[in-house]
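Bear in mind that the values in this text are calculations on the coordinates, not laboratory data. Fair warning: this is a prediction, and the values are worked out from it, not measured in the lab. Cβ: placed from backbone, ideal geometry, glycine included. Neighbour counts: every protein chain shown.
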Amino acid sequence: MKLICIGRNYTDHIKELANEKPTDPVIFIKPDTSILLKKQPFFIPDFSTDIHHEVEILVKINRVGKYIDKKFAHKYYNEIGLGIDFTARDLQTKLKEKGLPWEKAKAFDGSAVIGKWVSKDNYSDIDNLDFCLEKNNSIVQQGNTSFMLWKINEIIEYVSKYFTLKIGDVIFTGTPAGVGVVKSDDILTGYIDDQQFFSIKVK
Ligand code: ZN
């Protein structure tokens, strides 16, 4: 399986990194080895001193599909989740400056936190979900899916032009503002509405 990630999908986050607003979604892929194993802490890798948290709504694909029209995209996922796209911001900045791919900064081991999954039927409107990330019990990131530049069904349409979606693939839908550095002993806890989806320790 693969993790397909959307970059620059919330205007407030584009502003905080002084990025240009894209005309098409920014896409990158993480391999399955990037998934942080259940109940394991996140270990800060030795190649970065500026690992940032990015909390993101996740979608789990449950049907094989290619060239999926956004009208039918809702048939390709049943479950919604929440996760973190850990990013070595120092490394990513260097790679971006040189126009190089981001994988070393984005796709390293442990860089993808995937919390629990819940049925999308639990929510009356997928495009109006409140979510947040707490660091050591204070809210650091807050978002609502209504502020996505590309909504979930549009993301599925767009990415499936390039990549066949397979059962079990996960889409990371982009992060709102408030990304920031993590330190040893931080506890990161993610919520959709009031429901906790993950809690992880940084080491
Ligand atoms: Zn991200």
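Computed values, structure above
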{"quantity": "Convex hull of Cα atoms in segment 30-77, direction-averaged projection (nm²)", "calculated": "5.4"}
{"quantity": "Loop trypsin sites (Lys or Arg not before Pro), segment 92-165, which have at most 12 other Cβ atoms in a 10 Å radius of their Cβ (DSSP)", "calculated": "none"}
{"quantity": "Size-normalised alpha-carbon gyration radius of segment 142-203, reference 2.2 N^0.38 Å", "calculated": "1.41"}
{"quantity": "Listed residues 118, 101, 52: farthest to the positive end of the dipole of the chain (Cβ charges)", "calculated": "101"}
{"quantity": "Segment 67-118, relative contact order in percent, only Cα pairs under 8 angstrom and at least six apart counted", "calculated": "48"}
{"quantity": "For segment 1-146, size of Cβ-based charge dipole, Lys and Arg +1, Asp and Glu -1, in debye", "calculated": "500"}
{"quantity": "Projected area, mean over directions - the chain, Cα convex hull, nm²", "calculated": "10.3"}
{"quantity": "Largest-first principal axis extents, alpha carbons of segment 46-134, Å", "calculated": "41, 34, 22"}
{"quantity": "Cα gyration tensor shape for segment 90-203, rounded if a/c is under 1.5, else prolate or oblate", "calculated": "oblate"}
{"quantity": "Cα-based shape type of segment 1-98, given that a ≥ b ≥ c are square roots of the gyration tensor eigenvalues and the cut on a/c is 1.5", "calculated": "oblate"}
{"quantity": "Inter-part distance where segment 9-40 and segment 126-203 are each reduced to a Cα centre, Å", "calculated": "9"}
{"quantity": "Dipole magnitude of segment 105-158, debye to nearest 20 (Cβ charges: Lys/Arg +1, Asp/Glu -1, about Cα centre)", "calculated": "220"}
{"quantity": "FRET efficiency, residue 96 to residue 121 (Cβ-Cβ, R0 25 Å, nearest 0.05)", "calculated": "0.05"}
{"quantity": "Relative contact order of segment 58-145, defined on C-alpha pairs under 8 angstrom at six or more residues apart (%)", "calculated": "24"}
